[in-house]
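Read through the structure below, which is laid out as structure tokens, and then see the notes.
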Amino acid sequence: MSENETEQQEAEAYELCASVATLISFDQQAARSQAAGAAVLANMGRIARAQMERMTSRDSRDREIPMRAVAAEVGAARRMSDRTAQTRIDDAMEVTEHYPETFASWSAGRISERHVQDILRAGANLTDAAAKARYDRDVVAVAEAETPGRLRGLAAALAEKAQPRTLEERFEDANATRTVRLFDLADGMSSINAILPSVQAHGIFNRLTQQARALKDFRAGRSDYGTREHEQPVDDPRTTDQIRADLFSDMLLTSVPSLDSLAGDDCGGLGAIKAIVQVTVPATTLAGTSSTPADLSGLSLVDPESARRLAGTAPGWDRVFTRPVTGTVVAVDRYRPSDQLKRQLRARDQHCRFVGCRMPTHRCDIDHTVDAALGGPTHQQNLAHLCRRHHSLKHASRWTVKQVDDGVLEWTSPTGRSYTDKPPGVAFEPDLPDQPDLPDQPDLPDPPPPF
């Protein structure tokens, strides 16, 4: 190796070393800044808690209003959901008040925000002050030496070690928290999560796996049950994961697992779904002349075939007329008599109209922007959907709202900041057919809609 090459390698090594040191410095600065921000959030939370303690009402919903109002202020100012903001306030109060060693390490830039989050999650079930202190002291030493990914399991073990109660005793309490939750994903899909005792959860998964394998063998003619009469063995193209998912859906919707690889409406398909949903489908998609997706309450898109199946089993359709450029809903009608104003509001709002909230309209209240008791009219320009959380916030805190043209809401926070929430409109652009060039024609009335 020549002298020049050696010098170049030494220079590169020095530059890389300096770059790593710079990155570490940036990470430390970011951690210190995040810790300082957490201290501010914790202080805001303590102000809200003091306001709550001064309240005389015994109604728990009333007593939550000060904290909700502060969370809404933080969420609106930082462009995040106020529920997310409240979670961050709660975490900030927890780490500053109950985990002093963790907070000191964070403030010094020795651990990151992700370390802190994993420490808090692992210690979430620690309620005894002495147990928290013991866990806090032990976990910091690990956090300063490990990545967040490795810390997660080690922190859980340290939290378990610090528990003053046995696992059997705590299981009885944890079992009372079992639940099922729904999360919307991209591309028209959703995830259903169930929190269950581990034995039941693993038993369910194991049974689905055995059923999936038995079904695959049955269709291929490898089962002890033989093949179905007048049918040749067929290789099921689905993976085991896909069959598990299909069986899970079939049994919950119809109580009967389907034997078909493409489930129809009579064996757990879309025809079995009777939930209340709001799906906006372009007329061209219903007619099968375009592949424009449908819109599910502004939360996710629905593939055209599923939209057509849902429309085919729906008890009635709303026709939604929108402005061609903005997508703002201007009129709704229906072939069957119904409450047209409610339908128009659902089509316009799609979800709660507080800044950043995505609660769908069928889980919201229709609120008079100007109270009816004060003369506010029951008219679309004085009505908007609010979930129970933000409905309470509007009436029980110093948050105010006014409605302007086209359903736009202007919210004002207790500190005087203004936030505008616009109706979401339709989430897709409809397909427009190509128009041939025509000679100038005299003005004619608009043609009727094509359905």
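Between 57, 19, the distinction of being surrounded by fewer than 21 Cβ atoms within 10 Å (Cβ to Cβ), in a helix (DSSP H, G or I) and either free of Cβ contacts under 8 Å to residues at least 12 places away in the same chain or not polar (S, T, N, Q) (or both) belongs to 19 only.
Rundown of residues vs (1) at pLDDT below 90; (2) assigned to a strand (DSSP E or B); (3) within 30 Å of residue 285 (Cα to Cα); (4) of a type in the set (A, V, I, L, M, F, W, C), yes/no style:
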position	(1), (2), (3), (4)
385	no, yes, yes, no
393	no, no, no, yes
402	no, yes, no, no
411	no, yes, no, yes
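Residue-level check: of (1) surrounded by fewer than 22 Cβ atoms within 10 Å (Cβ to Cβ); (2) farther than 12 Å from residue 396 by Cα; (3) charged (D, E, K, R), residue 62 misses just (2).
Every residue in the range 88-112 that is open to solvent by 60 Å² or more (accessible area, probe 1.4 Å) and closer than 24 Å to residue 160 by Cβ, please.
Hits for the range 88-112 are 90, 97, 98, 100, 101.
The residues of the range 229-250 that are surrounded by fewer than 16 Cβ atoms within 10 Å (Cβ to Cβ), at pLDDT 65 or above and either of a type outside the set (A, V, I, L, M, F, W, C) or not assigned by the TED database to the domain that holds residue 204 (or both), listed by number, are 235, 237, 239, 240, 241, 242. Among residues of the range 201-228 being open to solvent by 80 Å² or more (accessible area, probe 1.4 Å) and at pLDDT below 75, the one that is nearest to residue 239 (Cα to Cα) is 222.
Count, please, the residues in the range 170-188 that happen to be surrounded by 12 or more Cβ atoms within 10 Å (Cβ to Cβ) and modelled with pLDDT of 85 or more. Final tally of qualifying residues: 2. Against the definition (open to solvent by 50 Å² or more (accessible area, probe 1.4 Å) and either modelled with pLDDT under 95 or not in a helix (DSSP H, G or I) (or both)), how does residue 83 come out, yes or no? So residue 83 fits the description; yes.
Selection of the range 347-398 for residues being farther than 24 Å from residue 67 by Cα, free of Cβ contacts under 8 Å to residues at least 60 places away in the same chain and either buried (at least 20 other Cβ atoms within 10 Å of the Cβ) or among the polar types (S, T, N, Q) (or both) yields 378, 380, 381, 382, 383.
The values are calculated or read from the model by the stated rules, or taken from the named source; none is laboratory data. Predicted model, so just to flag it, every value in this text is computed and none were measured. Every residue, glycine as well, gets a Cβ built from its backbone with ideal geometry; the counts of neighbours run over all protein chains shown. Note: accessible area is taken over every heavy atom of the protein model, side chains too, but ligands, DNA and RNA are not part of it. Shrake-Rupley method; radii C 1.70, N 1.55, O 1.52, S 1.80 Å.
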